[in-house]
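Only one structure is covered here, and it is reproduced in the block below.
Every number in this text was worked out from the coordinates using simple rules, so none of it is lab data. Bear in mind that the values here come from a model prediction, so they are computed numbers and not experimental data. So basically every Cβ, Gly included, is an ideal-geometry build from the backbone, and we count neighbours across all protein chains shown.
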Amino acid sequence: MAQSSITQKEIEHWGLRKDQNGIWRCVGRLRRMMPQIEDFPYFIKKGKLAELIVKYYHENSFHASVHYTWTKMRQRYWIPHGRAYIKKILRKICRGCAMWVVTPFEQPDFPPYPTARITATRPFEITGVDLFGPIIIKENQIKIKRWVALFTCLTTRAVHLEVVETMSKEQCIQAFRRFISRRKQPKHIISDNAKNLIAASKEL
């Protein structure tokens, strides 16, 4: 796989010399330390060849870190700005490593509180309602199912609970009537789109 041509500026900056096979090697300032040109690393420009070399060393070192991959590579190959280049390439080609370094989720900004949460009102003047269950209870030594209607005040966060026998519209209406007999009728009620709650709201 051919590389793009080496410029004169790169030759001078990196101290490049050709070996007996005409391949550029990065000699730098260590030419007196290793007299044989073959002992110096090959000079590899950024490109497809460099990418394949990075992949080879990374996978053969069992997906080691950028620092370890670069340390092993530069014993034989020299890539300009190698550490940053390896980091960039691994983010692109190694999905297994990317899952450990990328940010999977960024916490969004919290929305402002609704007006009902910050306006001074009497308890349960603005109420949220929902049902949960079933809960298994014993009645005369027989296990039966019961549900609970939960009413919560959006201002004070107070909670009022009413037990219902079924999830029917009639049971929801009875639970609401018991609630207002103790807490007074609220001005606003908020609920989800459960069919029983919608049906009950049409009759109230």
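Annotations
- Under the Karplus curve 6.51 cos²θ - 1.76 cosθ + 1.60, θ = phi - 60°, whole-Hz ³J(HN,Hα) for the stretch 166-181, x wherever Gly or Pro sits: 9, 9, 6, 4, 5, 5, 5, 5, 4, 4, 5, 5, 5, 5, 6, 5
- Rounded to whole numbers, the Karplus 3J(HN,Hα) couplings from phi for the stretch 12-21 are 6, 5, 9, x, 7, 9, 8, 8, 5, 9 Hz, using 6.51 cos²θ - 1.76 cosθ + 1.60 with θ = phi - 60°, and x at Gly and Pro.
- Residue pairs exceeding 29 angstrom between C-alpha atoms, taken from Lys143/Lys187; Lys143/Lys184; Lys138/Lys187; Lys9/Lys48; Lys72/Lys92: Lys143/Lys187; Lys143/Lys184; Lys138/Lys187.
- The 3J(HN,Hα) values that the Karplus relation (6.51, -1.76, 1.60; θ = phi - 60°) gives for the stretch 153-161 are, in residue order, 7, 6, 8, 9, 6, 5, 10, 10, 10 Hz. Gly and Pro appear as x.
- Under the simplified labelling scheme, the His13-Gln174 pair shows an inter-label distance of 8.4 nm, with each label point 7 Å from Cα along Cα→Cβ.
- Amide H to amide H, with H built 1.01 Å from N, Ile190 comes under 5 Å of Thr127, Gly128, Val129, counting only residues 5 or more places away or on other chains.
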